[in-house]
Amino acid sequence: MAHEQADDGRARGGSPGAGPSSSHPLPPGARLLGLAGLIPFIAGALALALLDDAARVPAARVLAGYAAVIVSFLGGVHWGLGFARPRAPTTIFLWGVVPSLIAWVALLLPPAAGLVLLATMLVLCYGVDRAVYPRLGVAHWLPLRRTLSVVAVLSCAAGAWFA
């Protein structure tokens, strides 16, 4: 049975931990666009590894800025999921704001510390998504989310190391 929305906004049908299914293919181009979104992460980490000391702080700020945008986006996804449900719980909107607020704080920190906080948030966002997506019938996005998150986290961690 395909995932259906229950009256309380949760998915029903299938098992809660059900993984991706061929009945839920990703939209055309989603994988390619997601992977393209990794370019600034990889380029930022490489720049920090290769640039001289004088250029590292500005490069770290650029990488942190992009990571903060992505962390905020990941929170915004939860707002979209909540909008699609007639009686979405307040917690989905509450969580949707948390990543943006923490990303903003990360931008106020020295770049290396900010990148560590952003890497931590990327891990936390993925953990929340692993718990929430199956209940909302969007578990088929998790394999792509995992790949994107691993590269983004490693890029931020490498950037923090070299910053």
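The values are calculated or read from the model by the stated rules, or taken from the named source; none is laboratory data. Quick caveat: nothing in here was measured; it's all calculated off a predicted structure. Here the Cβ positions follow ideal geometry from the backbone for every residue, glycine too, while neighbour counts run over all protein chains shown. Areas reflect the complete protein model, heavy atoms only, side chains present, ligands, DNA and RNA absent. Shrake-Rupley method; radii C 1.70, N 1.55, O 1.52, S 1.80 Å.
Here is how the numbers come out for the structure above:
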{"item": "Out of Gly75, Gly137, sole residue that is surrounded by 15 or more Cβ atoms within 10 Å (Cβ to Cβ) and in contact with a strand residue (DSSP E or B) (Cβ under 6 Å, 6 or more places away or on another chain)", "result": "Gly137"}
{"item": "Unmet criterion (only one of (1) in contact with a Lys or Arg (Cβ under 8 Å, 6 or more places away or on another chain); (2) open to solvent by 20 Å² or more (accessible area, probe 1.4 Å); (3) among the hydrophobic types (A, V, I, L, M, F, W, C)) for Leu101", "result": "(1)"}
{"item": "Qualifying positions in the stretch 116-137 - touching a residue at least 60 places away in the same chain (Cβ under 8 Å) and not basic (Lys, Arg)", "result": "Pro134, Leu136, Gly137"}
{"item": "Residues (over 16 Å from Asp129 (Cβ atoms) and open to solvent by 30 Å² or more (accessible area, probe 1.4 Å)) located in the stretch 56-72", "result": "Arg56, Val57, Pro58, Arg61, Val62, Tyr66, Val69"}
{"item": "Restricting the stretch 21-55 to residues that are outside any helix (DSSP H, G or I) and open to solvent by 70 Å² or more (accessible area, probe 1.4 Å), the residue that is nearest to Ile102 (Cα to Cα)", "result": "Asp52"}
